[in-house]
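The values are calculated or read from the model by the stated rules, or taken from the named source; none is laboratory data. No experiment lies behind these values; they were computed from the predicted model shown. Every residue, glycine as well, gets a Cβ built from its backbone with ideal geometry; the counts of neighbours run over all protein chains shown. Accessible surface is based on the protein model in full, side chains and every heavy atom, while ligands, DNA and RNA are left aside. Shrake-Rupley method; radii C 1.70, N 1.55, O 1.52, S 1.80 Å.
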2 protein chains.
Amino acid sequence: MLLDLIQKRQSSRDCLPKPVPRELIEKCIEAARLAPSACNSQPWHFIIVDEPALKEKLAEKIFSGPYAMNSFAKKAPVIIAVISEKSSFMAKIGGYFRGTAYYLMDIGIAVEHFILQAAELGLGTCWIGWFNERETKRLLGVPAAKKIDCIITLGYSQEPLRAKNRKPAKEIYSYNEYRGENT
Amino acid sequence: MLLDLIQKRQSSRDCLPKPVPRELIEKCIEAARLAPSACNSQPWHFIIVDEPALKEKLAEKIFSGPYAMNSFAKKAPVIIAVISEKSSFMAKIGGYFRGTAYYLMDIGIAVEHFILQAAELGLGTCWIGWFNERETKRLLGVPAAKKIDCIITLGYSQEPLRAKNRKPAKEIYSYNEYRGENT
């Protein structure tokens, strides 16, 4: 059941030093590939860094200094940089008039597909938004004009399942009228 | 398996006139509630519009004029407006320095949890970003300062499963270096 997978998914910050077979990584990519997106733009490209020396250098460079709070990522055997590619013309025009960068919702959807698929395969992941983007681009040959809005770590983990700290349901929905913040 | 659910999810634009039990809607909300978000901000509130007269009025108002391309939504028995709530201070600061509106990725994740859960329950959905936001706020009592980045339709559907039109896998990932657009 989906809910079991959702419960199982948690930020995994303590990976084991065990490589992840590419076959499994590509299953996660397939889940992301099939994600919906605004005007079917599919504005994403995944760079899978699993070559040990490169992975180590990358982790060293992008999770140091002001980004050291995420240095746990150095333990992950795989780091995946998610490049935000161009949205379709229609998605851009629509987003402009609506005041919403729809490509970010698209990235959220596709990466979460990846992450839920990883959970199903018994792999741990962690969403990371705080990293040195410039160094990431430099080390992976990504053109400077591109945006990397997030990175994912991937690996095996033996962390026990933690209880999720979330708002109670009644705070996040209401029927037929707004009952959210400031009401 | 997750991949079956992902395959099953498609934009459903032809709902049957059959009400959706609130118990099922609340299962979808639970899947969304447990979604991860930047700094665990959980910046979302779902307004579930299932009262028939209100739903009809809403659909009439928000999918007309320049938004008439989405008037298929009038057939859905349930329309859900997703209010983007405030992110935590840390998520906002981080997003400011990184140049990324992380709350939009959060909305993407949570709404996709909702949508995949609906697919598992045999319900059809459609992501909609193009609608009259001002009228939506007015009819549902949402403060003008809030943002509604997306709406979801929900209902039973008998549409056959369509093949997904997506980029080939080799275009959306590469190992250890960038091989995306403009390479």
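Overall shape: oblate for the range B:21-114, with the ratio a/c of the largest to smallest alpha carbon gyration tensor axis at 1.5 or above and b/c at least equal to a/b.
Of all lysines in the structure, the ones whose alpha carbon falls short of 17 Å from that of A:Lys164, not counting any fewer than 8 places away in one chain, are A:Lys8, B:Lys27. Solvent-accessible area of the range A:1-154 (1.4 angstrom probe, protein heavy atoms only): carbon and sulfur portion equals 59 percent.
Of all chain B residues, the one whose Cβ lies closest to the rotation axis that maps B onto A, given with that distance rounded to whole Å, is B:Gly108, 1. 3J(HN,Hα) along the range B:25-35, derived from phi through the Karplus expression 6.51 cos²θ - 1.76 cosθ + 1.60 where θ = phi - 60°, amounts to 4, 6, 5, 5, 4, 4, 4, 5, 4, 8, 5 Hz, with x in place of Gly and Pro. Distance from the C-alpha centroid of the range B:1-60 to that of the range A:90-111: 19 Å, rounded to the whole angstrom. Applying the Karplus relation 6.51 cos²θ - 1.76 cosθ + 1.60 with θ = phi - 60° to the range B:9-21 yields 3J(HN,Hα) values of 5, 8, 5, 9, 10, 9, 6, 7, x, 10, x, 9, x Hz, where x marks Gly and Pro. With label points defined 7 Å past Cα in the direction of Cβ, position B:Leu24 shows copy-to-copy spacings of 3.5 nm, given to one decimal and shortest first. Leaving ligands and nucleic acids aside, the B/A contact buries around 7000 square angstrom of accessible area in total at a 1.4 Å probe radius.
Considering only B:Thr100, B:Val49, B:Cys15, the residue lying farthest towards the positive end of the dipole of chain B is B:Thr100, judged by Cα position with unit charges set on Cβ.
Inter-copy label distances at B:Pro52, using a point 7 Å along Cα-to-Cβ, come to 6.7 nm with the shortest given first. For the range B:132-181, applying the loop criterion from DSSP together with a ceiling of 14 other beta carbons within 10 Å to the trypsin sites (Lys or Arg not before Pro) yields B:Arg162, B:Lys164. Across the range B:1-76, Cα pairs under 8 Å and at least six residues apart give a relative contact order of 39 percent. A Gaussian network model of chain B, with springs between Cα atoms under 10 Å, assigns the largest mean-square fluctuation among B:Ala68, B:Ala119, B:Ala81 to B:Ala68. Beyond 28 Å, what percent of the Cα pairs of the protein assembly as shown remain? When all Cα pairs of the protein assembly as shown are counted, 41 percent exceed 28 Å. Let a ≥ b ≥ c be the square roots of the eigenvalues of the Cα gyration tensor of chain B; is it rounded (a/c under 1.5), or, if not, prolate (a/b larger than b/c) or oblate? Judged from the Cα gyration tensor, chain B comes out oblate (a/c at least 1.5, b/c at or above a/b).
The residue among A:Gly141, A:Asn70, B:Leu5 whose Cα reaches farthest toward the positive pole of the charge dipole of the protein assembly as shown, with charges on the beta-carbon of Lys, Arg, Asp and Glu, is A:Gly141.
Applied to the range A:36-41, the Karplus parametrisation 6.51 cos²θ - 1.76 cosθ + 1.60 on θ = phi - 60° returns per-residue 3J(HN,Hα) values of x, 7, 4, 6, 6, 5 Hz, with x for Gly and Pro. Of the trypsin sites (Lys or Arg not before Pro) found in the range A:23-119, the ones in coil according to DSSP and having at most 15 other Cβ atoms within 10 Å of their Cβ are A:Lys86. Taking chain B as a Gaussian network of alpha-carbon nodes connected by springs under 10 Å, the highest mean-square fluctuation of the residues B:Cys126, B:Cys39, B:Cys150 belongs to B:Cys39. Straight-line cross-link partners of A:Lys167 among the aspartates and glutamates, defined as a Cα under 13 Å from its Cα and at least 8 positions apart when in the same chain: A:Glu181, B:Glu30, B:Glu85. Rounded to the nearest 20 debye, the dipole magnitude of the protein assembly as shown is 540 debye, with +1 charges on Lys and Arg beta carbons, -1 on Asp and Glu beta carbons, and the Cα centre as origin. Taking Cα centre as origin and charging only the Cβ of basic (Lys, Arg, +1) and acidic (Asp, Glu, -1) residues, the dipole magnitude of the range B:43-131 rounds to 280 debye. Amide H to amide H, with H built 1.01 Å from N, B:Asp149 comes under 5 Å of B:Ser84, counting only residues 5 or more places away or on other chains. Take every pair of alpha-carbon atoms less than 8 Å apart whose residues are at least six positions apart; their mean separation over the length of chain A yields a relative contact order of 34 percent. Remark: the range A:121-183 carries 49 Å² of accessible area per residue (probe radius 1.4 Å; ligands, DNA and RNA excluded).
For the range A:117-157, the square roots of the Cα gyration tensor eigenvalues, ordered a ≥ b ≥ c, give a/c of at least 1.5 with a/b greater than b/c, which places it in the prolate category. Take B:Arg166, move 7 Å from Cα toward the beta carbon, and the resulting point lies 2.4 nm from the same point in each other copy, nearest first. Amide H contacts of B:Asn176 (H built 1.01 Å from N, in plane; Pro and chain starts excluded): A:Ile48, A:Val49, A:Asp50 sit under 5 Å, all sequence-distant by 5 or more or on other chains.
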